[in-house]
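The values are calculated or read from the model by the stated rules, or taken from the named source; none is laboratory data. Since the structure is predicted, the reported quantities are computational estimates derived from the model, not experimental observations. FYI the Cβ positions are ideal-geometry reconstructions off the backbone, even for glycines, and counts take in every protein chain you see.
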Ligand SMILES: [Zn+2]
Ligand SMILES: [Zn+2]
Ligand SMILES: [Zn+2]
């Protein structure tokens, strides 16, 4: 019997199609064609990107936009939003509008063209988490921006147009609806129970121990009770923090280790599966919230969003999260 499940944070329903019970081998992952050819993100091609806004790893005194970097952040050449200008909020009859002001940046995660996240060393991967932090801190000084969404598209099917491993961020003049939903949903839960819903989820998952993928002292990766897609995972800090940028150094190290393990498990279960991940954190310049808890949502791209999902806003998932977590947990890593 399929099961309807309700997400305790935003109240979204999903359908877990238990009888389909799709295992990793039941999904056909289209092999990406390696395009080869010119890569604008590779070292030596720095002049083909807009001027960098951040770079790590070059020796002191080396000029910007030159090789020798280990991570580099550049404005997107084809931005969804533009940095210059005023918001100019206005009306058109009953409709409200404003200018498309924002920042759209590309984080080039490694100088090595073929290196993917599960292949990265601790030292390489932690730079990515520092870069997310440095950019959010910097962009939060621009008072036109209310939110920075950090995300990654991996693989063509998940929206990546370049092969070279990269993430993106977009600074927005509004708090996106998805985030508002989570914040309002978790506030409702907090008003009722006086506890953070995410902290409660972590507590319950640790006591049930059927949807945990892996954990260390500071972080946990679970397949959520109401996954929208097969093998969806959430990575959360075990200590309550509403903002990604407010953690201590050692916590970013622990995040790096746990995230690396999570992505290695996913890559072993479903080699080179296309995926998206999104970093959900509190809006910019918000004091610590007791009801909200930052996290990363990882969404492998194995199913299609079709009429039913568009029409209802709920999802059919052929892989129960309990089974997905078991597959991922049982994988032996060297
Ligand atoms: Zn490249
Ligand atoms: Zn919490
Ligand atoms: Zn979220």
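Values for this structure:
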item	result
Pairs where the first residue, in segment 291-305, is touching a residue at least 24 places away in the same chain (Cβ under 8 Å) and the second is more than 16 Å from ligand 3 (Cβ to nearest atom) and part of a loop (DSSP other than H, G, I, E, B), C-beta under 6 Å, 6+ apart	300/231; 300/273; 301/274; 302/27; 302/230
Every residue from segment 226-252 that is closer than 20 Å to residue 269 by Cα and surrounded by fewer than 19 Cβ atoms within 10 Å (Cβ to Cβ)	228
Selected residue (only one of 205, 194, 215 is on the phi > 0 side of the Ramachandran plot and within 16 Å of ligand 2 (Cβ to nearest atom))	194
Selection status of residue 52, surrounded by 17 or more Cβ atoms within 10 Å (Cβ to Cβ) and outside any loop (DSSP other than H, G, I, E, B)	no
Unique match (being away from ligand 2 (no atom under 16 Å from the Cβ) and farther than 30 Å from residue 141 by Cα) among 58, 12, 90, 72	12
Residue list for segment 98-122, restricted to those being in contact with a helix residue (DSSP H, G or I) (Cβ under 9 Å, 6 or more places away or on another chain) and not in a strand (DSSP E or B)	109, 110, 112, 115, 116, 117, 118, 119, 120, 121, 122
Any hit, segment 124-131, residues being buried (at least 19 other Cβ atoms within 10 Å of the Cβ) and either within 16 Å of ligand 2 (Cβ to nearest atom) or over 18 Å from the mean Cα position of the chain (by Cα) (or both)	no
Test: residue in segment 254-261 that is part of a strand (DSSP E or B), in contact (Cβ under 8 Å) with a residue 24 or more places away in the chain, farther than 26 Å from residue 54 by Cα and away from ligand 3 (no atom under 15 Å from the Cβ)	no
Yes/no for residue 136 being within 16 Å of ligand 1 (Cβ to nearest atom), in contact with a helix residue (DSSP H, G or I) (Cβ under 6 Å, 6 or more places away or on another chain) and outside any loop (DSSP other than H, G, I, E, B)	no
Number of the exception - residue 37 against (1) closer than 25 Å to residue 122 by Cα; (2) assigned to a loop (DSSP other than H, G, I, E, B); (3) within 16 Å of ligand 1 (Cβ to nearest atom)	(1)
First in segment 232-244 and under 11 Å from residue 196 (Cβ atoms) and within 12 Å of ligand 3 (Cβ to nearest atom), second anywhere and at pLDDT 95 or above and in a helix (DSSP H, G or I), Cβ under 7 Å, 6 or more apart	236/198; 236/202
Selection count, segment 68-97, where residues are touching a residue at least 12 places away in the same chain (Cβ under 8 Å) and part of a strand (DSSP E or B)	6
Those residues of segment 197-214 which are crowded, with 21+ Cβ neighbours inside 10 Å and either out of contact with any strand residue (DSSP E or B) (no Cβ under 6 Å at 6 or more places or on another chain) or part of a helix (DSSP H, G or I) (or both), in sequence order	197, 198, 201, 202, 205
Qualifying residue in segment 14-26 (condition: within 16 Å of ligand 3 (Cβ to nearest atom) and either under 19 Å from residue 308 (Cβ atoms) or touching a helix residue (DSSP H, G or I) at 6+ places or on another chain (Cβ under 7 Å) (or both))	yes
Test for residue 325: is it away from ligand 3 (no atom under 16 Å from the Cβ) and within 20 Å of the chain's Cα centre (by Cα)	yes
Enumeration of residues in segment 145-170 that are closer than 23 Å to residue 291 by Cα and away from ligand 3 (no atom under 15 Å from the Cβ)	145, 146
